[in-house]
Amino acid sequence: MTDSLTYVPTTCPYCGVGCTLNLVVKDGKELVGVEANKRSPINEGKLCPKGMTCWEHVQKPERLTKPLIKKDGKFVEASWDEALDLIASKFKETYEKHGPKSLGFQVSCRTVNEDCYAMQKFARVAFKTNNVDNCARICHGPSVAGLSLSFGSGAATNPFHDVLNSDLIMLVGSNPVEAHPLAGRRIAQAKLKGIPIIVCDPRFSATARLADDWLRYNPSTHIALINSMMYWIIKEGKHDKEFIEKRTKGFEELKATVEKYADVEAITGVPPERVREIALKYAEAKNAVIIYCLGITELTTGTDNVRSLGNLSMLCGNIGREGVGVNPLRGQNNVQGACDMGAYPNVYSGYQAVAVEDNRKKMEKAWDLPEGSLPDWYGSSLTEQMWETGDTVKAMWIMALNPVVSYPNSNGIKAALEKLDFLVVQDIFPTETTPYADVILPGTCFAEKDGTFTAGERRINRVRKAVDGPGESVEDWRVFSMIAKKMGLKGFEWEKAEDVWDDMRAVTPSMFGCTYERLNRPESLHWPCPTMEHPGTPILHREKFSAADGLGTFFGLEYREPAEVADAEYPFTLMTGRVIFHYHTRTQTARAEVLHYEVPENYVQINTEDAKRLGIKENEHILVKSRRGESRPLARITDEVAPGVLYMAMHFPDGANALTNTALDPLSKMPELKHCAVSVAKITEA
Amino acid sequence: MAAKGEMLYAWTNDPNLAAKAECGGAVTALWKYALENKIVDAVFAVKKGADLYDAVPTLIKDPKDLDDTAGSLHCGTLLMAKLIKKYLDGAKDQKIGVTVKGCDAMGIYELAKRNQINLDNLFLIGVNCGGSVSPVLARKMIAEKFEVDPDDVVKEEIDKGQFIIVTKDGTHKGISMDELEDAGYGRRPNCRRCEMKVPRQADIAAGNWGVIGDKAGKATFLEICSEKGADLVSKAVTAGKIGTEPANPKGIEIRGKIENSMLKLADKWRARDFEALGEGDARLQYILNETSRCIKCYACVENCPICYCETCSTKNPALVPPGRLPVSPMFHLIRLAHVADSCVNCGQCEENCPMEIPNARFMHANQVELQKIFGYRPGRDLRLPILALVEEKSERARLAATGSDQIYLNVFQPAQE
């Protein structure tokens, strides 16, 4: 018999849209469902397949419930005291012997801001290291880098619903209907309203189906394509001369570069007249918005791809008002927040650079550290830390990440983890990565803690505790508070999530006005919000850009090939992405019955002609190989991908990332997850 | 003593509650009495969440908590029926009092026919409902049409064909629903088409329509619809919890007029909405086009008061291949085939749809067509629907045991009108 029924309004733990939903709690302890929160201005109660089922994994019996220590190759249950003493002594020993660069801290984008802030503060205060990074590195790192260079702020310029104020929506390398469904809804609403939609994507995606105009181009040729669009816009005199004159710099450099891109058909596969047509549609719309995603960023040209979109938007004056802008759709629920919190190797919270002496001094004062103790060097990034194991990096702490599945080159990652002297993995379930740990710590999931997620539109959404975590699990920020106490560190005496948040606010001018009390309103706040009276900033760069000189910057950028292109041995191009039914490495979504029913196994999309030529049948396992590994997905034969191109989602072990390339974008250190060369073969009976 | 069919004005005798209530507080007073005297074990009602645009269902066991549920929230677009099945074990193991709108009552009846809710364990107090407004649209409407900051609104109501707001400083402002709805605001589309303004299948149908004279704003209109309802009112009067007097005949007449005018308006909306769908092949094409946006969230299935199967045909891989977008058109055709005869037009399949598919409009249009042919009106009483029902587990067991794929053989019972 049900004694009590409670609705706890909170934020979905999946993509970066940040939908509000109600967790339904029976008798104060049992999570029994998700119900619509119709009051939410973000999603108005509507949810996607993942949001609908996001409660299902929470109380599964496989949850980690106690700290585990590996003894003689086996995990043995331990007390928190024992586990934390061991971690403290190992990390201290390593630090004393090998210095601050011998430690690596990896922060998750699926957990609350408070956890992210706590971990980076711990790394910096306890071990004076900037070797702290989060998994934005492998999704939107180039957005942070590229948009900062172009506009002075590395975040989305306009909120999701603002597309309804546009006269034209252009999506590039983005499939929100699957990857960000409630942002996809805004596109569907725009379509019903009659707003023209252009989708530029090598694949005929679910979002491309909604488009009025779908442009297919060769994978990873964005810079050539966008340069050519700008060539036509300038040639036809459709650029916004007044905006360029008053609000930007570098136009002459851009103009000189794009002169060379009149005809890019050989690179992009798109004839000049078609490029011109799309370019003029964008330029002639009164208010046009650009939405992009990982098709732009996860390449060795990621930062330049992002800056190219910055160029295009400024060329047509499409920044700083309703209905315009350049908006990255952030992948994970808190990928914006993890970056904002300073879980980054070169900045503190609010993007305050570690290289600036005043910033270090300020943090030293706030964190009660001796002057000159915080490091000024650019720390090692997420995947760099991995490739430095066995060399510089000796011990690592991974919070809520599953690198064996989610980082490029799984075989390489496994070998890298083996080389560590000491590894801590803090998570909610055993994963493909936990076997490599020396200590496993049980964290809590979104339903079991208070906190905040910052959505891709810079809106800070409240996460509210609905039920207790299982067994001895604790809030992840509390782990750092507990170990800091053991190590005699000051500044970690938090009692509740709000204390951690307020600790962050105190050192972060751009979020100082965002108290929990203000965030509790369904509308919440978009940062920057520097004072208690400030209403928040849904739209950036209104009067001037966020850069120090107030100007936007054009860059003349040349097209470069991906690091690894198809050749005789590996004749196919592999693109990667997501499916609507899974979140990342499926730790959570594979435990939702219907999601697992929909996509229980990895598959690869292959073009009809290629399948015919290779004798591949629908739904048979095929062998896909790259220079780094192999995978045996099911074949899905479709014309959604072009001949010579494959598409595989990133969710499965021994899947896409067994194949992907580790080459880095020099500016953002983004690995080239979206493009590598592979071979395909029918599996013949053994 | 109150009797079935009787119409009364009623009010709470508790001055604190009277101050909080909007029109007499009789409903809250009756629930309080029912809880205190174990006539029900719990009351399932709606309270204010983040603000007056946020309606949150709440299960109340302590009579003190009932005060939170007083007053109406026109932005409450919840459907209580499915929640009772999902979270309260279908009222199989406790007696629950439920405050219901027309759609809630109809949904409860349809779920009761399918053995998903034990109607004997429910006590229903219906409330008149002219329709509800989705919270986000309400705020937009208040900002854009009323030119008022929605956070400054302290009370909203729908009265005499107007949506009326009261702001912090006590100012009233009303705009006619027709004007709002022509401009794309106002009630949910299904509410506009709704023909269940006074839920008389509840034990008591309550509301403020028809309360006139010196009792206006101070009493609740009660129409006693069952012996159970009569009994509760009589006992509450005897216990001194509520006061009653016979409803003013003029008030009864006015109430009827309000109801009739709303029904006429609903007819207008039905004609308008269904005409836009076209007929025959054109309608099918329209449905296929709109549903092609589906992303398979299953919210339409999960929230539908007709859907109850443990194994849903939309999850039969032979009918709807799993894991694929766009979704096979069979997904929505299955829903139309299985649900349309009994659709109560609660609107949840549309309101919860993330891809803006007007599901309720299709379903309701088909329900109306089927009603024309078979005469079955869902949600009004306990008559069985056109599609025969099976007890799923035993039917599946029978099929497995006999090797037959012919379901419904032993249970087909066409509805009688």
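Bear in mind these aren't lab numbers, they're just calculated from the coordinates by the rules spelled out. All values reported here derive from a predicted model rather than from experimental measurement. Backbone-built Cβ (ideal geometry, glycine too); neighbour counts: all protein chains shown.
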Give me A:THR684, A:THR303 sorted ascending by neighbouring Cβ count inside 10 Å, so fewest comes first. A:THR684, A:THR303
A:GLU252 and A:ALA353 label points (each 7 Å along its Cα→Cβ direction) are spaced in nm at 2.6
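Once R0 is set to 51 Å, what does the formula 1/(1 + (r/R0)^6) return for the Cβ-Cβ distance between B:ASP152 and A:HIS621, expressed as a FRET efficiency to the nearest 0.05? Show your work: numbers first, answer last.
On the way: r = 62 Å, r/R0 = 1.22.
That gives a FRET efficiency of 0.25.
Kirkwood Rh over alpha-carbon pairs of the stretch A:611-686, then Stokes-Einstein at 20 °C and 1.002 mPa s: what D in µm² s⁻¹, rounded to an integer? The partial results should precede the final answer.
Working: Rh = 13.5 Å.
D, rounded to a whole number, is 159 µm²/s.
Full extension from A:VAL565 to A:LYS29: what is 0.36 nm times the residue separation minus their Cα-Cα distance, to one decimal in nm? Kindly include the intermediate steps, with their values, before the conclusion.
On the way: separation 536, 0.36 × 536 = 192.96 nm, distance 5.33 nm.
That pair, A:VAL565 and A:LYS29, stretches by 187.6 nm at full extension.
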Point-to-point label distance, B:LYS218-B:LYS86, nm (Cα→Cβ direction, 7 Å offset): 4.3
Between A:ASP85 and A:THR65, what FRET efficiency comes out of the Förster formula 1/(1 + (r/R0)^6) with R0 = 25 Å and r the beta carbon distance, rounded to 0.05? 0.80
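Average projected area of the Cα convex hull of the protein assembly as shown, in nm²?
In nm², the orientation-averaged hull projection of the protein assembly as shown is 45.8.
Below 13 angstrom from the Cβ of A:TYR570, what's the summed charge of the other residues (Lys, Arg +1; Asp, Glu -1)?
Working: positive: A:LYS625, A:ARG627, A:ARG628; negative: A:GLU564, A:ASP567, A:GLU569, A:GLU630.
Every neighbour counted, the sum reads -1.
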May I ask you to order B:251-257, A:653-659, B:45-51 by the average number of other C-beta atoms within 10 Å around their residues, highest value first? A:653-659, B:45-51, B:251-257
Once you treat every alpha carbon in the stretch A:1-112 as an equal point and sum by Debye, what is log10 I(q)/I(0) at q = 0.11, 0.12, 0.19 Å⁻¹? -0.61, -0.69, -1.01
So if I take the centroid of the Cα atoms in the stretch B:201-277 and the same for the stretch A:487-532, what is the distance between those two points in Å? 50
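Need the full-extension length gain, B:ALA183 to B:GLU391, defined as separation in residues times 0.36 nm minus the C-alpha distance. One decimal, nm. Can you show the working numbers first?
Working: separation 208, 0.36 × 208 = 74.88 nm, distance 4.62 nm.
Computed gain between B:ALA183 and B:GLU391 is 70.3 nm.
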Working only with C-alpha atoms, what are the Rg and Dmax values of the stretch B:133-186, expressed in angstrom? 10.0, 29
Quick one: work out the % antiparallel among DSSP beta bridges in the protein assembly as shown, nearest 5. 55
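Please report the equivalent ellipsoid semi-axes of the stretch A:1-51, computed as sqrt(5 x eigenvalue) of the Cα gyration tensor, largest first, in whole Å. Walk me through the intermediate numbers first.
Values: eigenvalues 97, 23, 13 Å².
One finds semi-axes of 22, 11, 8 Å for the stretch A:1-51.
For the peptides B:70-80, A:441-451, what is the packing order when you average, over each peptide's residues, the other Cβ atoms within 10 Å and list the highest mean first? Kindly include the intermediate steps, with their values, before the conclusion.
On the way: B:70-80: 23.1, A:441-451: 25.3.
Peptide ranking by packing, descending: A:441-451, B:70-80.
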Please give the average number of partner chain Cβ atoms lying within 10 Å of the Cβ of each residue in A:31-43, rounded to a whole number. 5
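Dividing the alpha-carbon Rg of the stretch B:278-402 by 2.2 N^0.38 Å yields what? Intermediate results must be reported in sequence, preceding the final value.
Working: Rg = 15.0 Å, N = 125, 2.2 N^0.38 = 13.8 Å.
Its radius of gyration relative to the 2.2 N^0.38 Å reference: 1.09.
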Tell me, rounded to the nearest percent, the portion of alpha carbon pairs in the stretch A:467-598 spaced more than 20 Å apart. 74
Residues other than B:ALA360 with Cβ under 9 Å of its Cβ, Lys/Arg counted +1 and Asp/Glu -1, net out at +1
Would you kindly calculate the mean projected area, averaged across all directions, of the convex hull enclosing the Cα atoms of the stretch A:288-392, in square nanometres? 9.5
Just tell me which aspartates and glutamates come within less than 17 Å, Cα to Cα, of A:LYS255; anything on the same chain fewer than 8 places away is out. A:GLU236, A:ASP240, A:GLU242, A:GLU245, A:ASP263, A:ASP304, A:GLU558
Give the shape of the stretch A:574-664 as rounded, prolate or oblate, defined through the alpha-carbon gyration tensor: a ≥ b ≥ c are the square roots of its eigenvalues, a/c under 1.5 means rounded, and otherwise the shape is prolate if a/b is larger than b/c and oblate if not. oblate
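Using the per-residue mean of other Cβ atoms lying within 10 Å as a proxy for protection, in what order, highest first, do the peptides A:161-168, B:120-127 fall?
Numbers: A:161-168: 20.1, B:120-127: 21.9.
Output ranking for A:161-168, B:120-127: B:120-127, A:161-168.
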In whole Å, what are the Cα extents of chain B along the three principal axes, biggest one first? 66, 49, 37
Let me test this: with uniform point scatterers at the alpha carbons of the stretch B:112-237, what is the Debye-based log₁₀ I(q)/I(0) at q = 0.15, 0.17, 0.18, 0.20 1/Å? -0.86, -0.99, -1.04, -1.13
Log entry: pair-distance distribution for the stretch A:541-593, C-alpha pairs binned every 5 Å from zero, whole % per bin is 4, 12, 10, 8, 8, 11, 14, 16, 11, 6, 1
For A:LYS674, go through the lysines and keep the ones whose alpha-carbon is under 16 Å away, minus same-chain ones fewer than eight residues off. A:LYS625
So which aspartates and glutamates can B:LYS145 reach, going by Cα to Cα under 14 Å and dropping same-chain residues fewer than 8 places off? B:ASP178, B:GLU179, B:GLU181, B:ASP182
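I need the semi-axes of the equivalent ellipsoid of the stretch A:73-141: take the C-alpha gyration tensor, multiply each eigenvalue by 5, square-root it, list largest first in whole angstrom.
Working: eigenvalues 104, 61, 28 Å².
Those come to 23, 17, 12 Å.
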The stretch A:596-637: Rg to Rh, with Rh as the Kirkwood radius over Cα pairs: 1.00
Between the stretch A:337-386 and the stretch A:661-686, the Cα center-to-center distance that results, in Å: 32
Spin-label point model (7 Å from Cα, Cβ direction): what's the A:GLU517 to A:GLU609 distance in nm? 6.6
Whole-percent pair-distance distribution, where bins are 10 Å wide, for the alpha carbons of the stretch B:187-232: 26, 36, 33, 6
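Strictly over 18 Å apart at the Cα level, which of B:LYS215/B:LYS250; A:LYS121/A:LYS486; B:LYS32/B:LYS86; A:LYS38/B:LYS140 would you flag in this model? Kindly include the intermediate steps, with their values, before the conclusion.
Numbers: B:LYS215/B:LYS250 13 Å; A:LYS121/A:LYS486 16 Å; B:LYS32/B:LYS86 25 Å; A:LYS38/B:LYS140 14 Å.
Cα-Cα > 18 Å for B:LYS32/B:LYS86; rest within.
What does the charge add up to near B:LEU8, with Lys and Arg as +1, Asp and Glu as -1, over the other residues with Cβ less than 10 Å from its Cβ? Write down the numbers at each step before the final one.
Details: positive: none; negative: B:GLU6, B:GLU223, B:GLU245.
Local net charge: -3.
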Among the listed pairs A:LYS60/B:LYS48; A:LYS29/A:LYS490; A:LYS101/A:LYS485; A:LYS90/A:LYS465, which have their C-alpha atoms separated by more than 25 angstrom in this model? A:LYS60/B:LYS48; A:LYS29/A:LYS490; A:LYS90/A:LYS465
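Calculate the mean, over all residues of peptide B:46-56, of how many other protein chain Cβ atoms lie within 10 angstrom of the residue's Cβ.
Across the residues of B:46-56, the mean count of other-chain Cβ atoms within 10 Å is 4.
Per 0.36 nm of contour for each residue apart, how much would the distance between B:LYS372 and B:VAL166 grow if the chain were fully extended, relative to their Cα-Cα spacing?
69.9 nm
List the GluC sites (Glu not before Pro) within the stretch A:345-435 that DSSP assigns to loop and that have no more than 15 neighbouring Cβ atoms inside 10 Å.
Here the sparse-neighbourhood loop sites are A:GLU371.
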Of the listed links A:LYS26/B:LYS228; B:LYS38/B:LYS228; B:LYS38/B:LYS235; A:LYS193/A:LYS235, those spanning more than 20 angstrom between alpha carbons are A:LYS26/B:LYS228; A:LYS193/A:LYS235
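Across peptide B:294-301, how many C-beta atoms of other chains are within 10 Å of each residue C-beta, on average? Can you show the working numbers first?
Working: counts 0, 12, 7, 11, 6, 8, 0, 1.
For this peptide, the per-residue mean of nearby foreign Cβ atoms is 6.
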